[in-house]
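Here's the structure we're looking at; comments come further down.
No value in this document is a laboratory result; all are computed from the given coordinates. Source: prediction; values computed, not measured. All Cβ positions, even for glycine, are placed from backbone atoms using ideal geometry, and neighbour counts span all protein chains on display.
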Amino acid sequence: MIDAVDHLLIGAADLDAGIQWVYGRTGVRAAFGGVHPGGGTRNALLSLQRRRYLEVIAPDPAQSEYRFRVDVRSLARPQLVTWAAGTPDADGVARSARAAGLEVTGPDAGSRARPDGVVLRWRIVSVKNDLGSAGVEPIPFFIEWDPRSPHPSIDSPDGCDLLSFRIAHPRPAVVKAALDALGISVPVDAAERPRLTATLSTPRGEATLN
């Protein structure tokens, strides 16, 4: 499962609160990454090693429009809300998903400027589905990084590593079938509501985020 992960997203109604929540569990303070112009969000990041990272994503008070797929503005506490699968070929992912009968959008271009002025660019493929609820989207979006953009895992605060990542859902067979169609063959646990769970090694020992 973790081989498919590019990054995990912790949603928070307030960025500082999200950073503190992650710090309290890991002992590593995520660093401000930048804003997503037109998306209504901003983020902070920490590395999970091996080209993976954790993103704390929250509303950007300076933007009036909000387009992120999960409404983190209404979350009572920070939580894992969704994840991104990495791909070197966003066009191929979109073609394969459509051939499997899935409805997708993209690839769509995205970007953000780091605090040092470096602009990161990527392309995203999103899969339309009705499997998300309770602030959790178990089906990932796919991200293809521009080869000229340094991957955030390289220069984000380190000290953590992703040990495991699991998905649970009231309809596990349906979620598994969708993931299989996307080329991600992983077990899906049964649960009363959608849940994402990541286990990290941290300076404070093992930590579970969900």
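Where Lys and Arg each count +1 and Asp and Glu each count -1, what net charge lies around Asp6 among other residues with Cβ under 14 Å from its Cβ? Net of charged neighbours comes to -1. Classify region 149-210 from the C-alpha gyration tensor, please: rounded if a/c falls under 1.5, else prolate or oblate depending on whether a/b exceeds b/c. Oblate, because a/c is 1.5 or more while a/b does not exceed b/c. Residue-wise HN-Hα couplings along region 55-72, as the Karplus relation 6.51 cos²θ - 1.76 cosθ + 1.60 with θ = phi - 60° gives them from phi, are 10, 8, 10, 8, x, 9, x, 7, 10, 8, 9, 9, 10, 5, 5, 10, 7, 6 Hz; Gly and Pro carry x.
Across region 194-210, computed HN-Hα scalar couplings (Karplus, 6.51 cos²θ - 1.76 cosθ + 1.60, θ = phi - 60°) run x, 8, 10, 9, 10, 10, 10, 8, 9, x, 9, x, 6, 10, 10, 10, 7 Hz from first to last residue, x flagging Gly and Pro.
Taking only Cα atoms and a 10 Å spring cutoff, compute GNM fluctuations for the chain and point out the largest among Pro138, Pro152, Pro187. Maximum fluctuation in the GNM of the chain, among the listed residues, is at Pro187.
Highest mobility in the GNM of the chain, judged by mean-square fluctuation with C-alpha springs under 10 Å and restricted to Gly24, Gly34, Gly117, is found for Gly117.
When only alpha carbons are used to place a centre, region 100-119 and region 139-210 end up 18 Å from one another.
For the peptides 76-85, 191-200, what is the packing order when you average, over each peptide's residues, the other Cβ atoms within 10 Å and list the highest mean first? Working shown, then result.
On the way: 76-85: 19.4, 191-200: 17.7.
Packing proxy ranking, top to bottom: 76-85, 191-200.
Of the Cα atoms belonging to the chain, the radius of gyration and Dmax stand at 16.0, 45 Å.
Given region 2-209, what percent of its DSSP beta bridges are antiparallel, to the nearest 5? Don't skip to the answer; put the middle values down first.
Working: 43 of 53 bridges.
About 80 percent, rounded to the nearest 5.
Whole-Hz Karplus values for region 101-110 come out as x, 8, 9, 10, 10, x, x, 10, 7, x Hz, taken residue by residue from phi with 6.51 cos²θ - 1.76 cosθ + 1.60 and θ = phi - 60°; glycine and proline positions read x. Springs join every pair of Cα atoms under 10 Å in this Gaussian network model of the chain, and among Pro147, Pro170, Pro37 the largest mean-square fluctuation is at Pro147.
In this rough spin-label picture, where each label sits 7 Å from Cα along the Cβ direction, the Phe32-Gln20 distance is 1.7 nm.
Quick one: compute the contact order of region 2-209, relative version, from alpha carbon pairs under 8 angstrom and 6+ residues apart, as a percent.
Details: 510 pairs, mean separation 48.3, N = 208.
The value is 23 percent.
Note on region 103-210: Rg/Rh from Cα positions, Kirkwood definition for Rh, rounded to two decimals, is 1.01.
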